[in-house]
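See structure below.
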Amino acid sequence: MTLHELKALEFQLRDTEYRLRMDLLQRDKAWRERITAAMSLLCRMLAALVPDSPPRRERDEPVGVRPDERPVPDLKPRAITLEEYHAHAPEKFELWDGYLFNTVDHPDARHALLGLLLVNVGLLDAVRLAPEERWREALARVYGPAGP
């Protein structure tokens, strides 16, 4: 085969490849349009059959749990309810000047999350996270020195 024939063959190969790609793109587009139309029809049919569901509760409206009543941790871990989670867990994690959820002057979100975590972990495991002398100092500062 001559160089001219090889170049002509290469051109035909590239042209065929291009036409195949274009055909596939057109088929994909048509397929997507048909699937979209079918899904839309199916959704309309289902919507006509399924009764209206009750409106969804917003995250700030937990049932039976008041945001000012935080769960009290026990010595052993326990599961929290979905209502407790919605009432006390921050919406998303944020870092402000090195503090989670807000600055040092606004600890409410951190306290709420810590309360949930302490319920999940239990106080017995939580106290193992810091040395005993730090816990004793913290308890003395909050509740006063322990008597004999």
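On C-alpha positions alone, give me the angle between the axis of helix 132-143 and the longest principal axis of the chain, in degrees, nearest 10. Taking Cα atoms only, the helix is inclined about 70 degrees. For segment 1-41, the convex hull spanned by the alpha carbon atoms encloses 30 Å³ per residue. Each label point was placed 7 Å from the Cα along the Cα-to-Cβ direction; for Arg136 and Glu17 their separation is 7.9 nm. Counting Lys and Arg as +1 and Asp and Glu as -1 over every other residue whose Cβ lies under 15 Å from the Cβ of Val104, the net charge comes to -3.
Put simply, the chain fits an ellipsoid with semi-axes of 64, 29, 14 Å; these come from the alpha carbon gyration tensor as the roots of five times its eigenvalues, largest first.
The residues of the chain expose on average 89 square angstrom of accessible surface per residue, using a 1.4 Å probe on protein heavy atoms. Extension gain, Asp74 to Asn102, is 7.4 nm, computed as 0.36 nm per intervening residue step minus the present C-alpha separation. Using the Cβ-Cβ distance between Asp28 and Leu6 with R0 set to 35 Å, the FRET efficiency works out to roughly 0.60. Taken over segment 78-133, the convex hull of the Cα atoms encloses 93 Å³ per residue.
The values are calculated or read from the model by the stated rules, or taken from the named source; none is laboratory data. Bear in mind the structure is a predicted one, so any value in this text is a computation, not a measurement. Positions of Cβ are backbone-derived with ideal geometry, glycine not excepted, and every protein chain shown enters the neighbour counts. Ligands, DNA and RNA are excluded from the accessible area calculation, which covers all protein heavy atoms including side chains. Shrake-Rupley method; radii C 1.70, N 1.55, O 1.52, S 1.80 Å.
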